[in-house]
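**Student:** Take this structure, written in structure tokens, and hold onto it; I'll ask about it next.
Rule-based calculations on the coordinates, nothing more; no lab input. Since we're looking at a predicted model, the values are computed, not measured. Cβ: placed from backbone, ideal geometry, glycine included. Neighbour counts: every protein chain shown.
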Amino acid sequence: MTTTPTVAGRLVAFMADEIFPRHLEMQAFIENNKPGTRPKFLATLQEKARQQGLWNLGLPELPDNAPGTRLTNTEFAPIAETLGQIHWAAEVFNCQAPDLPNMEMLVKVGTAAQKERWLYPMLDGKIKSGFAMTEPNVASSDALNIACKITEDGDDFVLNGHKWFAGNVGLDCWQFIIVIGKSDPQAEPHARHSAIIVPVASNGLEVVRHVPVLGFQHRAKPHGEIRLNNVRVPRENLLGERGKGFAAAQVRLATARIHHCMRSIGGAELMISLMVERARARKAFGKKLSEHDKIREFIALSRVEVDQARLLTLAAAEALDAKGSKGARREISMIKLAVASACYNVADRAVQVFGAMGLTNDSPVADYFAQMRALRIYDGPDEVHVHSIARHEFKRQQEREGAPLLRLLCRDLSLQ
Ligand SMILES: Cc1cc2nc3c(=O)[nH]c(=O)nc-3n(C[C@H](O)[C@H](O)[C@H](O)COP(=O)(O)OP(=O)(O)OC[C@H]3O[C@@H](n4cnc5c(N)ncnc54)[C@H](O)[C@@H]3O)c2cc1C
């Protein structure tokens with residue numbers, strides 16, 4: 001039995017009745033208040049969403065007593081698309097990054113005590129978390145470079161490192177960070193790193209600054225630069241197995257990529273609708289923008305690219321449900337590359353159609369453009385996914401049974 005139509009239908013109605021009408025109010029609040037602060041109506045909306053069973057929508061496996069819909073990735077994907085139309089919507093339903101993938105990680109590899117201490121309060125929407133893998137001083141797209149040191153001292157782990165782009169930094173309810181660091185430098189390269197839960201209140205954890213994305217201050221609060229200076233945590237804060245930090249991170253990355261991709265597709269749909277409305281409403285050189293061939297081409301290409309991206313992403317979500325994060329690696333890399341490129345193209349066209357307004361905060365266009373430019377870098381830059389897809393393809397062809405196709409289907413000119 002699937003609950004998707006009911007949840008999806010209720011969500012669409014909630015977005016129309018409660019979220020879209022408040023978007024301009026939220027934007028004004030963000031612009032006039034310190035980064036990261038939230039208007040009071042957000043808590044009211046969260047409570048309303050919860051009462052309607054629209055809470056923790058993106059976690060397929062949950063402990064029996066935990067609140068949530070338990071939708072599969074395939075079922076959640078279209079819901080993530082709906083959420084992605086408005087950048088703050090996911091928070092209303094407790095489905096926002098990086099908390100959602102961190103919850104997934106705790107569900108899958110957390111101990112009973114870790115679930116009690118960190119997971120349940122997150123499922124309740126009471127606390128927030130960060131994920132800190134990237135380091136400013138090394139090329140972090142190659143995870144083997146991660147240098148943050150994790151050493152042992154008595155019953156504790158001691159962490160020393162420098163991270164940036166850790167999520168939710170400085171928010172009131174920001175309580176812990178999952179830090180990836182090097183615990184076993186002598187082990188073989190893929191067994192050197194571990195994931196550690198670091199409480200924000202730990203001595204030695206220093207917030208250096210918030211980092212705006214392409215200058216957008218309202219995106220600054222979640223993205224922080226931090227230093228870990230002899231931060232001491234008990235051994236039971238090891239998340240997953242020692243030396244298997246990458247495997248543990250992979251659990252969250254696979255689902256995070258599906259969610260990011262579907263949310264981005266939701267944003268792209270919104271951009272197409274906005275482009276169409278704007279093109280119909282404005283005239284230049286004697287006719288409406290919508291009658292200029294170039295603008296029509298923008299709309300048509302956007303439609304084709306977005307629909308292609310969606311089909312690929314839904315297939316990847318099915319692969320993830322069927323084969324798990326390891327089995328679905330190729331599909332996940334493919335969507336990360338294809339969706340980031342498709343949505344970036346749509347965002348660029350939307351900026352063009354909106355003219356000067358597309359470069360301001362007076363419409364959602366510029367913000368979406370910044371997000372889509374960033375998507376081509378976070379969760380793995382385009383080039384890394386290209387490399388990974390090509391590797392899979394060469395391996396697949398090598399494993400193909402039967403005579404080489406070159407010999408069967410091509411003339412051997414060397415014999416003539
Ligand atoms: C909005 C946003 C949110 C983020 N959120 C988080 C978060 O929550 N937690 C976290 O830990 N990090 C986060 N990050 C960081 C992000 O994951 C990293 O920026 C990303 O992994 C790339 O690492 P890097 O910046 O060190 O780039 P580098 O590794 O220095 O790579 C720079 C460039 O080198 C090129 N390159 C790299 N590898 C190859 C290759 N194999 N072939 C060809 N070219 C290559 C690519 O062009 C790449 O863009 C976030 C970043 C952004 C922008």
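**Student:** Looking at 377, 208, 274, which one has the Cα that reaches farthest to the positive end of the dipole of the chain (charges on Cβ: Lys, Arg +1; Asp, Glu -1)?
**Tutor:** 274
**Student:** Enumerate the amide H contacts of residue 131 below 5 Å, restricted to partners 5 or more residues apart or on another chain; note that Pro and chain-start residues carry no placed amide H.
**Tutor:** Close amide H contacts, sequence-distant or interchain: 167, 178.
**Student:** Among residues other than residue 39 whose Cβ falls under 9 Å from its Cβ, what is the net charge (Lys/Arg +1, Asp/Glu -1)?
**Tutor:** Net charge around residue 39: +2.
**Student:** Top mean-square fluctuation among 179, 200, 339, Gaussian network model of the chain, C-alpha springs under 10 Å?
**Tutor:** Its mean-square fluctuation being the largest, the pick is 200.
**Student:** Which residue, 160, 102, 203, tops the fluctuation ranking in a GNM of the chain built on C-alpha contacts under 10 Å?
**Tutor:** Highest fluctuation of the listed residues: 203.
**Student:** Taking the Cα centre of the range 109-180 as origin, work out the dipole magnitude from +1 charges on Lys and Arg Cβ and -1 charges on Asp and Glu Cβ, in debye rounded to 20.
**Tutor:** Dipole magnitude for the range 109-180 comes out near 280 debye.
**Student:** Can you tell me the dipole magnitude for the range 4-95 around its Cα centre, using point charges on the Cβ only (Lys, Arg +1; Asp, Glu -1), in Debye to the nearest 20?
**Tutor:** Using Cβ point charges on Lys, Arg, Asp and Glu, the range 4-95 gives about 240 debye.
**Student:** Right, something else. Using the Kyte-Doolittle scale, which helices in the chain average at least -1.0 and also have C-alpha atoms spread 30 Å or more along the helix axis, with helices defined as whole DSSP H runs?
**Tutor:** Qualifying helices, which must be both long enough and hydrophobic enough, are 245-281, 293-327, 329-354.
**Student:** When only Cα pairs under 8 Å and 6 or more residues apart are kept, what is the percent relative contact order across the chain?
**Tutor:** Worked out over the chain, it gives 13 percent.
**Student:** What is the dipole size for the chain, taken about its Cα centre, with +1 at each Lys and Arg Cβ and -1 at each Asp and Glu Cβ, in debye to the nearest 20?
**Tutor:** Rounded to the nearest 20 debye, it is 680 debye.
**Student:** While we're here: Starting from the Cα coordinates of the range 246-398, work out the convex hull volume and express it per residue in Å³.
**Tutor:** 113
**Student:** Another question about this same structure. Only bridges with both residues in the chain count here: give the DSSP antiparallel percent, nearest 5.
**Tutor:** 85
**Student:** Quick check: convex hull over the Cα atoms of the chain, volume per residue in Å³, rounded to an integer?
**Tutor:** Roughly 190 Å³ of hull volume per residue.
**Student:** Rounded to whole Å and sorted largest first, list the principal axis extents of the Cα atoms in the range 160-296.
**Tutor:** On the principal axes, the range 160-296 reaches 70, 30, 24 Å in Cα extent.
**Student:** Which one of 300, 143, 132 has the biggest mean-square fluctuation once the chain is modelled by GNM with Cα springs under 10 Å?
**Tutor:** Most flexible of the set in this elastic network: 300.
**Student:** Residues with beta-carbon under 12 Å from that of residue 213, excluding residue 213: net charge, scoring Lys, Arg +1 and Asp, Glu -1?
**Tutor:** Once positives and negatives cancel, what remains is +2.
**Student:** Could I ask something else about it? Provide 106, 311, 289, 409 in ascending order of the number of other Cβ atoms located within 10 Å of each residue's Cβ, fewest first.
**Tutor:** Arranged by neighbour count, lowest to highest, 106, 311, 289, 409 become 409, 311, 289, 106.
**Student:** Quick one: work out Rg over Rh on the C-alpha atoms of the range 227-293, Rh as Kirkwood radius.
**Tutor:** 1.44
**Student:** Moving on. Please work out whether the range 129-239 counts as rounded, prolate or oblate from its C-alpha gyration tensor, where a ≥ b ≥ c are the square roots of the eigenvalues and a/c under 1.5 means rounded, while otherwise a/b larger than b/c means prolate and anything else oblate?
**Tutor:** In terms of gyration-tensor shape, oblate.
**Student:** Taking the Cα centroid of the range 101-140 and of the range 228-267, what is the distance between the two, rounded to the nearest whole Å?
**Tutor:** What the calculation gives is 7 Å, centre to centre.
**Student:** When the chain is fully extended, how far beyond the present Cα-Cα distance does residue 415 get from residue 72, taking 0.36 nm per residue of separation?
**Tutor:** 117.9 nm
**Student:** For the range 1-153, evaluate the Debye formula with one uniform point scatterer on each Cα (no solvent term) and list log10 I(q)/I(0) at q = 0.11 Å⁻¹, rounded to two decimals.
**Tutor:** Summing over Cα pairs of the range 1-153 leads to -0.52.
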